[in-house]
Amino acid sequence: MIFQSLVILGVELMLVLVTSQMKLLIPFLIGNTLFLLYHLNLEYKKAARQATERNAELSFKIANQTLPYLRRGLNEQNAEYIAKIIQEIGQVAAVSITDREKQLAYLGVGCDQHHPGDKILTRATRDVIQSGVYKIVRTQKELNCPRQNICDCPLAAAVIVPLKCQGEVVGTMKLYETKDGQLSSDLIRLAIGMAELLGIQIELAELDHQAKLAAEAQLNALQAQINPHFFFNVLNTIIATSRTSPNRSRRLLIHLAEFFRKALKSHGSLITLREEMSFVKTYLILEKARFGRKLHFKGEIPEELMNALVPRLSIQPLVENAVKHGITEKIGNGVVSVKVEQIGQELYIIVADDGVGIQPERLQEVLKPGVGSGNGVGMANVHERLIGHYGEEYGLQIRSQPNIGTTVTMHLPLTTIEDGGLL
């Protein structure tokens, strides 16, 4: 009995000792646990940040390399280049790009079963086009490829994201993984980020295309506005000349026909400086037939700049404006000059006259739409076209003093045929 009591007492003493030790250990254990959780959280955030940075870097790298192709439009040829860039940089098993109806490009495993021009067959892709929301497919059954019964398709999962232009779905991009691969959360985020950047590029390309169409439409409108007064004045000069000098009259008719041929030519919005100055020369021949020695012309154009590209019908209207509003109204003879300078990669074309000049109050209005003339085109129209084609930092600048003359400076970037700038 005494032994049993001693054992019980000993056990009780041990429990007391252990309990007291545990009380001392509990704060230590809790502190260590919190410390480990804190560092694990930091490591997780660091890994997540690195993954985000990597995805952003890959997305921007892909966007940067695909931009030249997307600017040409979303078609089979350009989509193939884009798919190749995405697959190489994104390191995925396969890439597919579609429009709303058909596959534009497919690159990666299973290429022999997926061809450009094939109609969109999978329900998942049609759902994304319809809803405008990305979709994740993690099994072959969900992938629902209609050809999986006739071939051993290695594709097992995909993330399908919509490509949008101004809020409208214009196609899809699909990143595939095989049975051995894994559709990770990083890959899904990469696909979503890439689709957003590609969508922005598609929008920019569409805006660029619309701007070019607008410029072409504006140019066509300008070509249809040839000044009838100029035409009839030249005809009257030719008729009067025919009585005294039939040969000269015949040459003037040839020049007039050449003038209208060049004015109405519709191929391309940009031409070489040589072509535009040829047009200016033809115009001046016709005007000199009217004005005789009253009109003089000086040109200062370096030969090495003759292949520089300028908008069609840009210099000639400025020269006509100088003749019509500067020299015609002047008492005595007058000079119109064209000088071309290169400063860095910028081109400056200076059209000047020593005519009657422009009154200060009118000078502020000359470049506003609907003001000015010159083949019915006007300096304002030339100014708008330059800004529309090259940007706000380019265009016309005008300096004028009454009874001294007017200088119009055209500022545009220097591009040549060799640069591939001819449109």
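The values are calculated or read from the model by the stated rules, or taken from the named source; none is laboratory data. Everything numeric in this text was worked out from a predicted model, so none of it was measured. Reconstructed Cβ throughout: ideal geometry from the backbone, glycine too, with neighbour counts over all protein chains shown.
Between 93, 105, which is surrounded by 17 or more Cβ atoms within 10 Å (Cβ to Cβ), among the small types (Gly, Ala, Ser) and touching a Ser or Thr at 6+ places or on another chain (Cβ under 6 Å)?
Selected residue: 93, the only one of 93, 105 that is surrounded by 17 or more Cβ atoms within 10 Å (Cβ to Cβ), among the small types (Gly, Ala, Ser) and touching a Ser or Thr at 6+ places or on another chain (Cβ under 6 Å).
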**Prompt:** Taking into account only those residues within region 389-420 that are small (Gly, Ala, Ser) and at pLDDT below 90, which is nearest to residue 367 (Cα to Cα)?
**Reply:** 391
**Request:** Would you check if residue 292 is assigned to a helix (DSSP H, G or I) and in contact (Cβ under 8 Å) with a residue 40 or more places away in the chain?
**Result:** no
**Prompt:** Pick from 318, 313: which is in contact (Cβ under 8 Å) with a residue 60 or more places away in the chain and in a loop (DSSP other than H, G, I, E, B)?
**Reply:** 313
**Request:** Consider residue 309 carefully, then state whether it is at pLDDT 80 or above and within 29 Å of residue 357 (Cβ to Cβ).
**Result:** no
**Prompt:** Since residue 114 meets every condition but one in (1) over 22 Å from residue 192 (Cβ atoms); (2) modelled with pLDDT of 80 or more, which condition does it not meet?
**Reply:** (2)
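Residues are listed down the side, and each one gets a yes or a no for (1) touching a residue at least 60 places away in the same chain (Cβ under 8 Å); (2) assigned by TED's automatic domain parsing to the domain that holds residue 187; (3) aliphatic (A, V, I, L, M):
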site: 81; (1), (2), (3): no, yes, no
site: 96; (1), (2), (3): yes, yes, no
site: 104; (1), (2), (3): yes, yes, yes
site: 118; (1), (2), (3): no, yes, no
site: 122; (1), (2), (3): no, yes, no
site: 132; (1), (2), (3): no, yes, no
**Prompt:** So is residue 315 at pLDDT 90 or above and surrounded by 20 or more Cβ atoms within 10 Å (Cβ to Cβ) or not?
**Reply:** yes
**Asked** Out of all the residues in region 187-194, is one or more of a type outside the set (A, V, I, L, M) and at pLDDT 75 or above?
**Response** yes
**For residue 222: the one exception among (1) at pLDDT below 65; (2) within 30 Å of residue 142 (Cα to Cα)** = (2)
**Asked** Residues of region 323-343 being at positive phi and in contact (Cβ under 8 Å) with a residue 60 or more places away in the chain, which ones?
**Response** none
